[in-house]
Amino acid sequence: MPRQLPIAFAIATRSHFGTIEWLQEALRHRRATPGEIANQAERGGVGSVIRLNLEALTANG
């Protein structure tokens with residue numbers, strides 16, 4: 001069963017407030033993989049916004 005992303009993710013991505021910080025923490029603490037985040041963002045209708053942020057955060061590893 002895939003890990004579920006918190007509801008705060010949906011709230012943060014809709015308002016764009018805290019999105020980068022949430023993504024950094026999720027990736028740093030391995031709460032979700034970039035692929036899981038991207039898939040959930042697509043399902044939530046915010047894929048293009050999150051994709052850009054993920055690319056920026058994962059460009060250097």
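Observations on the structure shown:
- Residues within the stretch 33-61 that are surrounded by fewer than 11 Cβ atoms within 10 Å (Cβ to Cβ) and not small (Gly, Ala, Ser), tallied: 2
- Residue selected from the stretch 19-34 under the condition within 18 Å of Gly47 (Cβ to Cβ) and in a loop (DSSP other than H, G, I, E, B), by the criterion modelled with the highest pLDDT: Thr33
The values are calculated or read from the model by the stated rules, or taken from the named source; none is laboratory data. Being a predicted model, the structure only gives us computed values, none of them experimental. Cβ coordinates were reconstructed from backbone atoms using ideal geometry, including for glycine residues, and neighbour counts include every protein chain displayed.
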